[in-house]
Every structure is written in structure tokens, then in C-alpha cells.
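Beneath this line is the structure, given in C-alpha cells, with notes to follow.
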Amino acid sequence: MNAVTQVTTGTVLRDLAQLGTDPDAIADRLTGLGITGMLHEPGDCAIARYLTTLPGVDRALVGGYGITIRAGGERITLAQPAAIRDFRRRFDNGLYPQLVAARRPGGEQ
């Protein structure tokens, strides 16, 4: 079985759970992993960037209450776990400045 076929709702939820059970623990884990992201960018926030580091995940969008993963030709949509949703809200409100990616001149990252 290749990495693409291993990406399932269950594996994504397991990997998200490994980040932590509350927003501050998630922030600490992402900081330790060196993951940063952009505020208010569903496809480029810290959680989306973390998800794209997982084997087989090509793209991730982290919206209001859902997460959409592209893996190979497959699309997986799932509800955000409460801790991830709370983290994302706090992240977008600027409470974890160490996780905000710097923009380069011209708007590039």
C-alpha cells in the first residue's frame, strides 16, 4: 500500500490528535516542529501546513469547521476536532505570534 492510499479520515484525525488536546499544547507542538503559517489563510495556516507534511497529503484547507485534504486523486473532508478549531481561532486572532510566518517583500512567504 502506498502513502496516498493510507491517507484516511482516521489517519488524519490520529495525526491531528498527536498535536495535543488543547490550543496551547497544539501551539507548543507546532513550534517544536518548526511549523508556521499565515493568518486567515485556510490553505496556508499552521494546521494546513502541518497536514501537508504528512505522507501522501498534497493539499489541506482548514476552514470554519471543516478540513479538506487532497491526497493523490482523492478528497477527504472531515469536521475539525474541537481543540484544532479552538487553536485555529486563537491563531487567527494573533495569540501565537511565534507561529505566524513572515511575509517577504511583494507578499511572498
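Report yes if Tyr96 is within 11 Å of the chain's Cα centre (by Cα), surrounded by 13 or more Cβ atoms within 10 Å (Cβ to Cβ) and of a type in the set (Phe, Trp, Tyr), otherwise no. No.
The single condition among (1) among the aliphatic types (A, V, I, L, M); (2) within 10 Å of the chain's Cα centre (by Cα); (3) more than 18 Å from Thr11 (Cβ to Cβ) that Ala48 does not satisfy is (3). Of all residues in region 14-30, those satisfying the criterion of being surrounded by 15 or more Cβ atoms within 10 Å (Cβ to Cβ), farther than 14 Å from Gln98 by Cβ and of a type in the set (A, V, I, L, M) are Leu16, Leu19.
For region 10-63, a residue qualifies if it is of a type in the set (Asp, Glu) and touching a strand residue (DSSP E or B) at 6+ places or on another chain (Cβ under 7 Å), and the qualifying residues are Asp44, Asp58. Across region 54-65, which residue is nearest to the chain's Cα centre (by Cα) among those that are within 15 Å of Thr8 (Cα to Cα) and not charged (D, E, K, R)? Checked region 54-65; the qualifying residue nearest to the chain's Cα centre (by Cα) is Ala60.
Throughout, read-outs are computed from the coordinates displayed, never taken from laboratory work. These numbers were taken from a predicted model, which means no experiment stands behind them. Every residue, glycine as well, gets a Cβ built from its backbone with ideal geometry; the counts of neighbours run over all protein chains shown.
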